[in-house]
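Colleague: Dumping the structure here so I can ask a few things about it.
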């Protein structure tokens, strides 16, 4: 039986790309700086849009934003911003583009970016046990703390809802529904 043959979260069945994302990426605890930074940028880009929009544009984002290498992205200038505003492969929103560039600078200023991100969950995955999608919150106390903390450090496009979406996608919380095959799999290996 392949992962996609097993019951998953309802949102993961909406599109083959979403199903693959759900089955292999979403909620997997990340502790690799570049991948965490990429997710932070992409979650900010998603604000007000459907995640599938960003997922479909992710290859173009990786190309346009220097593979989300914070050192390279932090050096982007107004010329780069103008280039990005003309790139039909990404969401052309100046505030989101400038936030991603600014967030690269803020990321590089953190002494330990991974530890900073994970500090909002005390370094351990929060194991939730939701039976239905309508039980999953849009924000939590931890996402409010992360939002406020990161904004104080110079990050933008990281409100409490975006922070929680980031926490879910980066695996700081396990919000796979209890009937989803990924819930138990990720629960077993999250903090061990």
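Colleague: Could you list, in sequence order, the residues of the range 6-25 that are in a loop (DSSP other than H, G, I, E, B) and within 12 Å of residue 177 (Cα to Cα)?
Modeller: Going residue by residue through the range 6-25, those that are in a loop (DSSP other than H, G, I, E, B) are 6-9, 14-15, 25.
The answer is 7, 8, 9.
Colleague: Quickly run through the range 122-165 and pick out the residues that are assigned to a loop (DSSP other than H, G, I, E, B), touching a residue at least 12 places away in the same chain (Cβ under 8 Å) and either at positive phi or touching a strand residue (DSSP E or B) at 6+ places or on another chain (Cβ under 7 Å) (or both). So that I can check it myself, show each step before the final result.
Modeller: Step one: filter the range 122-165 for residues assigned to a loop (DSSP other than H, G, I, E, B), giving 122-125, 128-132, 136-140, 153-159.
Of the ones still in play, those that are also touching a residue at least 12 places away in the same chain (Cβ under 8 Å) are 124-125, 128-132, 136-140, 153-159.
Correct list: 125, 128, 154, 157.
Colleague: Of all residues being in a loop (DSSP other than H, G, I, E, B) and in contact (Cβ under 8 Å) with a residue 24 or more places away in the chain in the range 110-121, which is nearest to residue 153 (Cα to Cα)? Just the residue, please.
Modeller: Within the range 110-121, the first condition is being in a loop (DSSP other than H, G, I, E, B), and the residues that meet it are 110-112, 120-121.
With in contact (Cβ under 8 Å) with a residue 24 or more places away in the chain added as a condition, the list becomes 110, 120-121.
Values: 110: 8, 120: 14, 121: 18 Å.
Going through the qualifying residues, I end up with 110.
Colleague: Condition first: farther than 12 Å from residue 126 by Cβ and surrounded by fewer than 16 Cβ atoms within 10 Å (Cβ to Cβ). Now tell me which residues in the range 140-172 satisfy that.
Modeller: 145, 148, 151, 152, 153, 154
Colleague: Something else now. Search the range 166-192 for residues being over 20 Å from residue 133 (Cβ atoms) and part of a helix (DSSP H, G or I), and hand back the single one that is modelled with the lowest pLDDT.
Modeller: 189
Colleague: Within the range 28-75, track down each residue that is farther than 24 Å from residue 16 by Cα, under 14 Å from the mean Cα position of the chain (by Cα) and assigned to a loop (DSSP other than H, G, I, E, B).
Modeller: 31, 32
Colleague: Can residue 102 be described as within 26 Å of residue 63 (Cβ to Cβ) and within 18 Å of the chain's Cα centre (by Cα)?
Modeller: yes
Colleague: Something else: Where residues in the range 76-104 are outside any helix (DSSP H, G or I) and touching a residue at least 12 places away in the same chain (Cβ under 8 Å), which of them is surrounded by the fewest Cβ atoms within 10 Å (Cβ to Cβ)?
Modeller: 89
The values are calculated or read from the model by the stated rules, or taken from the named source; none is laboratory data. Because the structure is a prediction, the values reported are computed rather than measured. Cβ sites come from the backbone with ideal geometry, for glycine too, and all protein chains shown count toward neighbours.
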